[in-house]
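Worksheet for the structure shown next.
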Amino acid sequence: LKASPHGSYSGNVTLTLPANDGNTDQFLKTDGNGVTTWSDIPASGGAWNYLSEVVSTSSTTVDFSNVFTSTYDNYRIVANNVGGNTNDIDYEASLEFSGSTGSYTGYNYHVRLNGNNTSTYIYGGGGVFTRYQNYAGIVAQRANFVVDILNPRSTDAKHAYIWGSGYSGWGNIPVNIIHAVLQNITTTEQTGIRFQASSGTMTGTFRLYGFAKS
């Protein structure tokens, strides 16, 4: 095609089109000389890829065992409709290490937003990332949160970054912002993570994603 000065096109061109046998997610690609072929759409980099999920209805723990591999540097778990059969409970996380499949160790430290005073953060030991959650009698009062597990297969300290919201038992602030960082100072590679309530069962849907390296 030849463009005229007025933006219209003149001239003739012959296009060689392939048979209409392209697959889903393919597109027509030209070589610049009028010859077209079917081509695959390249995979986009930097995307969260869905890996697996755990749906808990009456379990005391939610486990992702032996799921962190060298395929991804970083992982994310999205937790929806998290509750249980006990009121005013704490939610906490622990780690599974390479060579210890099925065994979980607590995080050493936490820094979390104080649910009773949202202008301050609390520092301490252990892996509790939010407190006084859940009211078992009302289904709508459930928590939703995201957990980013950063570089678990490295020999650096292990970190989990957690953010979301839930309904809390604090009388003055019933809506609870979940915002916390957990740390374990081991250099051993991490292969999994466990979530549990301070008492009773833990329900909800937990979906695991890996962040593509390219």
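Side notes on the structure shown:
- Restricting the calculation to Cα atoms, every distinct pair contributes to the Kirkwood radius of the stretch 53-198, found to be 15.4 Å.
- Sequence-distant residues sharing a close amide H with Glu189 (under 5 Å, placed H): Ser98
- Taking 0.36 nm per residue of separation and subtracting the current Cα-Cα distance, fully stretching the chain between Val55 and Ile138 would add 27.9 nm.
- The phi torsions of the stretch 105-115, fed into the Karplus equation with coefficients 6.51, -1.76 and 1.60 and a -60° offset, translate into couplings of 10, x, 5, 6, 9, 9, 10, 9, 5, 6, x Hz, rounded to whole numbers, with Gly and Pro shown as x.
- Global size of the stretch 131-170: 14.5, 44 Å for Rg and Dmax (C-alpha atoms, Rg to one decimal, Dmax whole).
- Kirkwood-type radius of the stretch 79-144, with distances r between different C-alpha atoms, in Å: 13.5 Å
- Length gained on full extension, Val111 to Val175: 21.1 nm, using 0.36 nm per residue less the C-alpha separation.
- One compactness figure for the stretch 134-214 is 1.31, namely its Cα radius of gyration divided by 2.2 N^0.38 Å.
A short reminder: the numbers here are calculations on the coordinates, not readings from a lab. None of the values given here were measured: they were computed from a predicted structure.
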